[in-house]
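Read through the structure below, which is laid out as C-alpha coordinates, and then see the notes.
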Amino acid sequence: MRRVGSGAGFGMMGMMARRSLLVGFGGYLPDRIVTNDELAARLETSDEWIRARTGITQRHIAGPHDTAVSMAAAAGARALDYAGMAAADVGAIIVATSTPDQAFPSTAVRVQAELGLRGGFGFDIAAACSGFVYALSMADSLIRSGQVDSVLVIGSEVYSRILDWSDRGTCVLFGDGAGAVLLKAADGPEPGDTRPKGILSTHLHSDGSTGDLLYVDGAIGLRESSGFLRMRGRDVFRHAVAKLSSSVDEVLHANGLTYADVNWLVPHQANLRIIEGVARKLELPPERVVVTVDRHANTSAASIPLAMNEAVRDGRIRPGDLVLMEALGGGLTWGSALARM
Ligand code: COA
(Lines give C-alpha, C1' and ligand atoms only; values in the text may rest on other atoms or scores of the structure.)
Protein backbone atom coordinates (compact mmCIF):
# COMPACT_ATOMS: atom_id res chain seq x y z
CA MET A 1 0.00 0.00 0.00
CA ARG A 2 1.27 3.46 -0.86
CA ARG A 3 1.96 5.70 2.08
CA VAL A 4 0.28 9.06 1.98
CA GLY A 5 0.74 12.00 4.30
CA SER A 6 3.33 12.68 6.94
CA GLY A 7 3.52 9.15 8.20
CA ALA A 8 2.99 10.40 11.74
CA GLY A 9 0.40 7.72 12.40
CA PHE A 10 2.59 4.79 11.42
CA GLY A 11 3.66 3.34 14.72
CA MET A 12 6.17 0.73 15.80
CA MET A 13 3.62 -2.03 15.32
CA GLY A 14 3.41 -1.35 11.58
CA MET A 15 1.22 0.91 9.54
CA MET A 16 -1.86 2.16 11.30
CA ALA A 17 -5.18 1.99 9.54
CA ARG A 18 -6.31 5.12 7.79
CA ARG A 19 -9.83 6.34 8.23
CA SER A 20 -12.14 8.93 6.69
CA LEU A 21 -13.32 11.85 8.79
CA LEU A 22 -16.44 13.79 7.83
CA VAL A 23 -15.17 17.35 7.79
CA GLY A 24 -17.45 19.36 5.48
CA PHE A 25 -21.17 19.57 4.74
CA GLY A 26 -23.14 21.45 2.12
CA GLY A 27 -26.56 21.52 0.55
CA TYR A 28 -28.46 23.17 -2.28
CA LEU A 29 -32.21 23.31 -2.80
CA PRO A 30 -33.89 25.04 -5.77
CA ASP A 31 -35.85 28.18 -4.86
CA ARG A 32 -39.16 26.98 -6.23
CA ILE A 33 -41.33 25.20 -3.64
CA VAL A 34 -44.33 23.16 -4.78
CA THR A 35 -46.89 22.40 -2.09
CA ASN A 36 -49.24 19.42 -1.95
CA ASP A 37 -52.14 21.78 -2.56
CA GLU A 38 -50.50 22.97 -5.75
CA LEU A 39 -50.30 19.36 -6.97
CA ALA A 40 -53.88 18.71 -5.86
CA ALA A 41 -54.99 21.58 -8.09
CA ARG A 42 -53.92 19.66 -11.18
CA LEU A 43 -54.04 15.98 -10.10
CA GLU A 44 -56.58 13.75 -8.39
CA THR A 45 -54.84 13.85 -5.02
CA SER A 46 -55.00 15.83 -1.78
CA ASP A 47 -52.75 17.32 0.86
CA GLU A 48 -54.33 14.95 3.43
CA TRP A 49 -53.60 11.82 1.34
CA ILE A 50 -49.97 12.78 0.68
CA ARG A 51 -49.30 13.80 4.31
CA ALA A 52 -50.93 10.70 5.77
CA ARG A 53 -49.20 8.20 3.47
CA THR A 54 -45.76 9.83 3.21
CA GLY A 55 -45.29 12.74 5.65
CA ILE A 56 -44.52 15.03 2.69
CA THR A 57 -45.92 18.58 2.70
CA GLN A 58 -43.87 20.20 -0.06
CA ARG A 59 -40.88 19.69 -2.36
CA HIS A 60 -38.30 21.92 -4.11
CA ILE A 61 -38.39 21.74 -7.90
CA ALA A 62 -35.48 22.70 -10.18
CA GLY A 63 -35.80 25.91 -12.16
CA PRO A 64 -34.62 26.18 -15.77
CA HIS A 65 -31.10 27.05 -14.62
CA ASP A 66 -30.78 24.24 -12.06
CA THR A 67 -29.00 21.16 -13.35
CA ALA A 68 -27.47 18.10 -11.69
CA VAL A 69 -24.09 19.77 -12.23
CA SER A 70 -24.99 23.26 -11.01
CA MET A 71 -26.67 21.94 -7.85
CA ALA A 72 -23.83 19.48 -7.14
CA ALA A 73 -21.23 22.22 -7.57
CA ALA A 74 -23.14 24.55 -5.24
CA ALA A 75 -23.46 21.89 -2.54
CA GLY A 76 -19.83 20.84 -3.02
CA ALA A 77 -18.56 24.42 -2.75
CA ARG A 78 -20.47 24.85 0.52
CA ALA A 79 -18.97 21.64 1.94
CA LEU A 80 -15.47 22.87 1.07
CA ASP A 81 -16.26 26.23 2.61
CA TYR A 82 -17.50 24.56 5.82
CA ALA A 83 -14.23 22.63 6.10
CA GLY A 84 -12.08 25.61 5.11
CA MET A 85 -10.50 23.48 2.38
CA ALA A 86 -9.41 24.84 -1.00
CA ALA A 87 -10.86 23.06 -4.03
CA ALA A 88 -7.29 22.46 -5.23
CA ASP A 89 -6.73 20.13 -2.27
CA VAL A 90 -9.57 17.75 -3.19
CA GLY A 91 -8.24 14.38 -4.33
CA ALA A 92 -11.41 13.02 -5.89
CA ILE A 93 -15.04 13.91 -6.54
CA ILE A 94 -17.73 11.25 -6.57
CA VAL A 95 -21.25 12.24 -7.57
CA ALA A 96 -24.15 9.90 -6.93
CA THR A 97 -26.93 10.66 -9.38
CA SER A 98 -29.56 8.88 -11.45
CA THR A 99 -30.42 12.07 -13.29
CA PRO A 100 -27.15 13.26 -14.90
CA ASP A 101 -27.41 16.14 -17.37
CA GLN A 102 -25.42 14.17 -19.95
CA ALA A 103 -24.44 10.52 -20.53
CA PHE A 104 -20.86 11.77 -20.41
CA PRO A 105 -18.73 13.51 -19.31
CA SER A 106 -19.74 12.48 -15.83
CA THR A 107 -21.44 14.94 -13.51
CA ALA A 108 -18.35 14.71 -11.29
CA VAL A 109 -15.89 15.99 -13.88
CA ARG A 110 -18.22 18.86 -14.77
CA VAL A 111 -18.30 19.70 -11.05
CA GLN A 112 -14.52 19.44 -10.99
CA ALA A 113 -14.38 22.12 -13.71
CA GLU A 114 -17.03 24.28 -12.00
CA LEU A 115 -14.98 24.24 -8.80
CA GLY A 116 -11.85 25.20 -10.74
CA LEU A 117 -10.07 21.99 -9.85
CA ARG A 118 -7.44 20.74 -12.34
CA GLY A 119 -5.98 17.78 -10.43
CA GLY A 120 -7.44 14.61 -8.99
CA PHE A 121 -10.26 12.69 -10.65
CA GLY A 122 -14.03 12.33 -10.63
CA PHE A 123 -16.70 9.82 -11.53
CA ASP A 124 -20.42 9.18 -11.04
CA ILE A 125 -22.23 6.40 -9.26
CA ALA A 126 -25.70 5.21 -10.24
CA ALA A 127 -27.43 3.37 -7.42
CA ALA A 128 -30.67 5.36 -7.35
CA CYS A 129 -31.75 6.32 -3.82
CA SER A 130 -28.88 4.30 -2.29
CA GLY A 131 -26.41 6.33 -4.34
CA PHE A 132 -25.04 8.38 -1.47
CA VAL A 133 -24.30 5.34 0.71
CA TYR A 134 -22.62 3.67 -2.28
CA ALA A 135 -20.57 6.82 -3.00
CA LEU A 136 -19.58 7.15 0.65
CA SER A 137 -18.43 3.54 0.62
CA MET A 138 -16.31 4.05 -2.51
CA ALA A 139 -14.86 7.27 -1.12
CA ASP A 140 -13.98 5.59 2.17
CA SER A 141 -12.27 2.75 0.25
CA LEU A 142 -10.22 5.23 -1.79
CA ILE A 143 -9.06 6.93 1.39
CA ARG A 144 -8.38 3.73 3.35
CA SER A 145 -6.34 2.30 0.47
CA GLY A 146 -4.20 5.42 0.42
CA GLN A 147 -5.12 6.48 -3.12
CA VAL A 148 -6.32 9.93 -2.06
CA ASP A 149 -6.37 12.07 1.07
CA SER A 150 -9.77 13.69 0.53
CA VAL A 151 -12.96 13.02 -1.39
CA LEU A 152 -15.90 15.28 -2.07
CA VAL A 153 -18.96 13.00 -1.99
CA ILE A 154 -22.05 14.54 -3.57
CA GLY A 155 -25.62 13.41 -4.25
CA SER A 156 -27.43 15.53 -6.86
CA GLU A 157 -30.81 14.78 -8.40
CA VAL A 158 -33.37 16.38 -10.69
CA TYR A 159 -36.14 13.78 -10.47
CA SER A 160 -38.65 16.40 -11.62
CA ARG A 161 -37.27 15.73 -15.11
CA ILE A 162 -37.96 11.97 -15.02
CA LEU A 163 -41.35 12.08 -13.31
CA ASP A 164 -44.60 11.35 -15.09
CA TRP A 165 -46.51 14.37 -13.77
CA SER A 166 -49.80 12.70 -14.61
CA ASP A 167 -49.03 9.67 -12.36
CA ARG A 168 -50.24 10.59 -8.87
CA GLY A 169 -48.72 7.38 -7.47
CA THR A 170 -45.16 8.64 -8.08
CA CYS A 171 -44.97 12.36 -8.88
CA VAL A 172 -46.07 13.48 -5.41
CA LEU A 173 -43.16 11.62 -3.76
CA PHE A 174 -40.05 13.28 -5.17
CA GLY A 175 -38.16 16.57 -5.13
CA ASP A 176 -34.88 18.04 -6.44
CA GLY A 177 -31.69 19.06 -4.67
CA ALA A 178 -28.07 18.28 -3.88
CA GLY A 179 -26.06 17.52 -0.75
CA ALA A 180 -22.35 17.07 -0.16
CA VAL A 181 -20.00 15.67 2.46
CA LEU A 182 -16.24 16.17 2.40
CA LEU A 183 -14.13 13.26 3.66
CA LYS A 184 -10.56 13.72 4.82
CA ALA A 185 -8.00 11.06 5.68
CA ALA A 186 -6.76 10.66 9.22
CA ASP A 187 -4.44 8.14 10.80
CA GLY A 188 -5.54 5.97 13.64
CA PRO A 189 -7.23 5.06 15.79
CA GLU A 190 -4.67 4.98 18.56
CA PRO A 191 -4.53 1.62 20.35
CA GLY A 192 -7.22 1.54 23.04
CA ASP A 193 -9.33 4.29 21.46
CA THR A 194 -12.86 2.97 22.00
CA ARG A 195 -14.57 5.88 20.23
CA PRO A 196 -12.61 6.32 17.01
CA LYS A 197 -13.88 9.08 14.73
CA GLY A 198 -14.77 8.83 11.08
CA ILE A 199 -16.52 6.23 8.96
CA LEU A 200 -16.55 2.96 10.92
CA SER A 201 -17.93 0.76 8.14
CA THR A 202 -20.23 0.70 5.14
CA HIS A 203 -22.31 -2.23 3.85
CA LEU A 204 -23.76 -2.44 0.33
CA HIS A 205 -26.31 -4.78 -1.24
CA SER A 206 -28.26 -5.14 -4.45
CA ASP A 207 -30.69 -7.64 -5.91
CA GLY A 208 -31.25 -7.20 -9.63
CA SER A 209 -34.13 -9.66 -9.64
CA THR A 210 -36.22 -6.88 -8.06
CA GLY A 211 -35.21 -4.36 -10.73
CA ASP A 212 -38.74 -3.95 -12.06
CA LEU A 213 -40.21 -2.67 -8.78
CA LEU A 214 -38.74 0.80 -9.26
CA TYR A 215 -37.09 1.90 -12.49
CA VAL A 216 -36.92 4.49 -15.25
CA ASP A 217 -38.34 3.16 -18.50
CA GLY A 218 -35.79 4.70 -20.77
CA ALA A 219 -32.25 5.97 -21.14
CA ILE A 220 -29.80 6.96 -23.79
CA GLY A 221 -29.40 3.88 -25.97
CA LEU A 222 -33.01 2.71 -25.74
CA ARG A 223 -34.94 3.67 -28.83
CA GLU A 224 -38.43 3.88 -27.47
CA SER A 225 -37.54 5.92 -24.46
CA SER A 226 -39.99 8.00 -22.53
CA GLY A 227 -37.68 8.06 -19.55
CA PHE A 228 -40.25 8.12 -16.78
CA LEU A 229 -39.96 6.72 -13.29
CA ARG A 230 -42.20 3.71 -12.68
CA MET A 231 -42.85 2.11 -9.32
CA ARG A 232 -44.79 -0.63 -7.58
CA GLY A 233 -45.11 1.38 -4.39
CA ARG A 234 -46.53 -1.23 -2.08
CA ASP A 235 -43.84 -3.81 -3.00
CA VAL A 236 -41.08 -1.24 -2.60
CA PHE A 237 -42.48 -0.31 0.82
CA ARG A 238 -42.44 -3.96 1.93
CA HIS A 239 -38.84 -4.46 0.75
CA ALA A 240 -37.75 -1.18 2.36
CA VAL A 241 -38.98 -2.11 5.81
CA ALA A 242 -37.37 -5.58 5.74
CA LYS A 243 -34.07 -4.65 4.06
CA LEU A 244 -33.43 -1.46 6.04
CA SER A 245 -34.17 -3.32 9.21
CA SER A 246 -31.54 -5.98 8.46
CA SER A 247 -29.15 -3.27 7.24
CA VAL A 248 -29.10 -1.39 10.54
CA ASP A 249 -28.50 -4.65 12.41
CA GLU A 250 -25.68 -5.53 10.01
CA VAL A 251 -23.76 -2.29 10.46
CA LEU A 252 -24.09 -2.26 14.26
CA HIS A 253 -23.14 -5.93 14.56
CA ALA A 254 -20.07 -5.39 12.36
CA ASN A 255 -18.85 -2.76 14.82
CA GLY A 256 -19.78 -4.55 18.04
CA LEU A 257 -22.31 -1.80 18.84
CA THR A 258 -25.95 -1.86 19.93
CA TYR A 259 -29.07 0.24 19.31
CA ALA A 260 -28.32 2.17 22.51
CA ASP A 261 -25.00 3.42 21.07
CA VAL A 262 -26.67 5.26 18.16
CA ASN A 263 -27.04 9.01 18.70
CA TRP A 264 -28.60 9.88 15.34
CA LEU A 265 -30.40 8.12 12.55
CA VAL A 266 -29.88 9.98 9.27
CA PRO A 267 -31.95 7.86 6.89
CA HIS A 268 -32.70 8.16 3.22
CA GLN A 269 -35.84 10.30 3.10
CA ALA A 270 -38.43 8.43 1.04
CA ASN A 271 -41.39 8.17 3.34
CA LEU A 272 -41.95 9.14 6.97
CA ARG A 273 -43.64 5.82 7.70
CA ILE A 274 -40.56 3.88 6.56
CA ILE A 275 -38.28 6.18 8.60
CA GLU A 276 -40.43 5.77 11.71
CA GLY A 277 -40.42 1.99 11.26
CA VAL A 278 -36.61 1.88 11.33
CA ALA A 279 -36.46 4.34 14.25
CA ARG A 280 -38.88 2.15 16.25
CA LYS A 281 -36.71 -0.88 15.59
CA LEU A 282 -33.66 1.05 16.85
CA GLU A 283 -35.69 2.19 19.88
CA LEU A 284 -34.73 5.76 18.98
CA PRO A 285 -37.04 8.59 20.03
CA PRO A 286 -38.20 10.88 17.18
CA GLU A 287 -35.92 13.70 18.35
CA ARG A 288 -32.90 11.49 17.49
CA VAL A 289 -33.99 11.02 13.88
CA VAL A 290 -33.16 13.63 11.25
CA VAL A 291 -36.23 14.17 9.08
CA THR A 292 -36.35 16.35 5.97
CA VAL A 293 -38.82 14.34 3.88
CA ASP A 294 -41.64 16.61 5.10
CA ARG A 295 -40.06 19.64 3.36
CA HIS A 296 -37.80 18.10 0.68
CA ALA A 297 -39.80 14.97 -0.29
CA ASN A 298 -37.57 12.22 -1.71
CA THR A 299 -34.45 13.73 -3.30
CA SER A 300 -32.96 10.27 -3.93
CA ALA A 301 -29.15 10.26 -3.66
CA ALA A 302 -29.22 13.83 -2.30
CA SER A 303 -31.43 13.12 0.69
CA ILE A 304 -28.90 11.81 3.24
CA PRO A 305 -26.24 14.52 2.67
CA LEU A 306 -28.99 17.20 2.68
CA ALA A 307 -30.27 15.88 6.02
CA MET A 308 -26.75 15.60 7.40
CA ASN A 309 -25.96 19.16 6.33
CA GLU A 310 -29.06 20.49 8.05
CA ALA A 311 -28.49 18.68 11.34
CA VAL A 312 -24.78 19.48 11.55
CA ARG A 313 -25.28 23.16 10.76
CA ASP A 314 -28.15 23.63 13.23
CA GLY A 315 -26.07 22.02 15.97
CA ARG A 316 -28.08 18.82 16.52
CA ILE A 317 -25.31 16.48 15.37
CA ARG A 318 -22.21 17.21 17.42
CA PRO A 319 -18.59 16.02 17.49
CA GLY A 320 -18.39 12.52 18.97
CA ASP A 321 -21.95 11.56 18.00
CA LEU A 322 -22.51 8.16 16.41
CA VAL A 323 -24.54 8.56 13.19
CA LEU A 324 -26.25 5.70 11.39
CA MET A 325 -27.16 6.18 7.72
CA GLU A 326 -29.27 3.79 5.66
CA ALA A 327 -30.93 3.79 2.26
CA LEU A 328 -32.86 1.70 -0.22
CA GLY A 329 -33.56 2.47 -3.85
CA GLY A 330 -34.14 1.22 -7.37
CA GLY A 331 -32.17 -1.92 -8.22
CA LEU A 332 -33.12 -2.77 -5.66
CA THR A 333 -30.02 -1.41 -3.98
CA TRP A 334 -29.64 -0.86 -0.27
CA GLY A 335 -26.99 -0.27 2.34
CA SER A 336 -25.89 1.34 5.57
CA ALA A 337 -23.00 3.33 6.98
CA LEU A 338 -21.91 4.15 10.50
CA ALA A 339 -19.80 7.20 11.34
CA ARG A 340 -18.51 8.87 14.49
CA MET A 341 -18.47 12.63 13.99
N1 COA B 1 -53.34 10.66 -4.07
C2 COA B 1 -54.49 10.00 -3.85
N3 COA B 1 -54.62 8.68 -4.02
C4 COA B 1 -53.54 8.00 -4.45
C5 COA B 1 -52.32 8.64 -4.72
C6 COA B 1 -52.25 10.02 -4.52
N7 COA B 1 -51.12 10.73 -4.74
N8 COA B 1 -51.43 7.71 -5.14
C9 COA B 1 -52.08 6.54 -5.14
N10 COA B 1 -53.35 6.71 -4.73
C11 COA B 1 -54.41 5.72 -4.58
C12 COA B 1 -54.18 4.49 -5.44
O13 COA B 1 -54.63 4.71 -6.75
C14 COA B 1 -55.01 3.46 -4.73
O15 COA B 1 -56.35 3.63 -5.08
P16 COA B 1 -57.31 2.37 -5.27
O17 COA B 1 -57.35 1.70 -3.93
O18 COA B 1 -58.58 3.00 -5.68
O19 COA B 1 -56.66 1.54 -6.32
C20 COA B 1 -54.87 3.85 -3.26
O21 COA B 1 -54.42 5.21 -3.26
C22 COA B 1 -53.88 2.99 -2.51
O23 COA B 1 -52.72 2.88 -3.29
P24 COA B 1 -51.44 2.14 -2.78
O25 COA B 1 -50.36 2.31 -3.78
O26 COA B 1 -51.78 0.76 -2.35
O27 COA B 1 -51.16 3.03 -1.50
P28 COA B 1 -50.09 2.84 -0.38
O29 COA B 1 -50.72 2.90 0.94
O30 COA B 1 -49.17 1.71 -0.67
O31 COA B 1 -49.25 4.19 -0.52
C32 COA B 1 -47.15 4.90 -1.45
C33 COA B 1 -48.58 4.49 -1.73
C34 COA B 1 -46.47 5.17 -2.78
C35 COA B 1 -47.17 6.19 -0.64
C36 COA B 1 -46.46 3.79 -0.67
O37 COA B 1 -46.66 2.55 -1.30
C38 COA B 1 -45.02 4.02 -0.52
O39 COA B 1 -44.59 4.94 0.10
N40 COA B 1 -44.18 3.11 -1.07
C41 COA B 1 -42.79 3.24 -1.03
C42 COA B 1 -42.40 4.19 -2.10
C43 COA B 1 -41.01 4.67 -1.95
O44 COA B 1 -40.60 5.06 -0.90
N45 COA B 1 -40.29 4.69 -3.06
C46 COA B 1 -39.00 5.20 -3.15
C47 COA B 1 -38.05 4.27 -2.51
S48 COA B 1 -36.47 4.96 -2.66
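The values are calculated or read from the model by the stated rules, or taken from the named source; none is laboratory data. Nothing here was measured: the structure is a model prediction, and the numbers come from that model. Positions of Cβ are generated from backbone atoms using ideal geometry, with glycine treated the same way; all protein chains shown enter the neighbour counts. These accessible areas exclude ligands, DNA and RNA; they are computed on the full protein's heavy atoms, side chains included. Shrake-Rupley method; radii C 1.70, N 1.55, O 1.52, S 1.80 Å.
Using 0.36 nm per residue, how much length does the chain from Arg195 to Ala260 gain when fully extended, once their Cα-Cα distance is taken away?
22.0 nm
Can you tell me the orientation of helix 233-254 relative to the chain, as the angle in degrees between its alpha-carbon axis and the longest Cα principal axis, to the nearest 10?
With both axes taken from Cα atoms, the answer is about 10 degrees.
Label-point separation (nm) for His65 and Arg161, each offset 7 Å from Cα along Cα-to-Cβ?
So the label points at His65 and Arg161 sit 1.6 nm apart.
Give me the accessible area of Phe123, 1.4 Å probe, in Å² rounded to the nearest 10.
The accessible area comes out at roughly 70 Å².
Give me the extension gain from Arg273 to Glu48: residue separation times 0.36 nm, minus the current Cα-Cα distance, reported in nm with one decimal.
Using 0.36 nm per residue and subtracting the Cα-Cα distance, I get 79.5 nm.
Taking only Cα atoms and a 10 Å spring cutoff, compute GNM fluctuations for the chain and point out the largest among Gly26, Gly198, Gly119.
The residue with the greatest mean-square fluctuation here is Gly119.
Lysines within cross-link reach of Lys184: Cα-Cα under 28 Å, excluding same-chain residues under 8 positions apart?
Of all the lysines, those that pass the test against Lys184 - Cα under 28 Å, at least 8 places apart if same chain - are Lys197.
Leaving out ligands and nucleic acids, and using a 1.4 Å probe, what accessible area per residue does the chain come to in Å²?
43 Å²
Which of His239, Leu306, Ala139 sits closest to the plus end of the dipole of the chain, meaning its Cα is farthest towards the positive end, when Lys and Arg get +1 and Asp and Glu get -1 on the C-beta?
So the residue furthest toward the plus end is Ala139.
Based on DSSP H runs of at least 4 residues, each adding -39500 (n - 2.57), what is the mean residue ellipticity at 222 nm of the chain after dividing by all its residues, to the nearest 500 deg cm²/dmol? Can you show the working numbers first?
Details: 10 runs with 102 residues, N = 341.
That comes out to -9000 deg cm²/dmol.
Mind checking which of Ala260, Ala79, Ala128 has the largest fluctuation in a GNM of the chain, springs on alpha carbons under 10 Å?
Highest fluctuation of the listed residues: Ala260.
Carbon and sulfur: what percent of the chain's accessible surface (1.4 Å probe)?
Roughly 52 percent, rounded to a whole number.
Would you list which lysines come within 23 Å of Lys243, measuring only between C-alpha atoms, while excluding same-chain residues fewer than 8 positions from it?
Reachable lysines: Lys281.
At a threshold of 8 angstrom on Cα-Cα distance, excluding pairs fewer than six apart, so keeping six or more, what relative contact order does segment 118-249 reach in percent? Working shown, then result.
Numbers: 123 pairs, mean separation 26.1, N = 132.
In percent, rounded to a whole number, it is 20.
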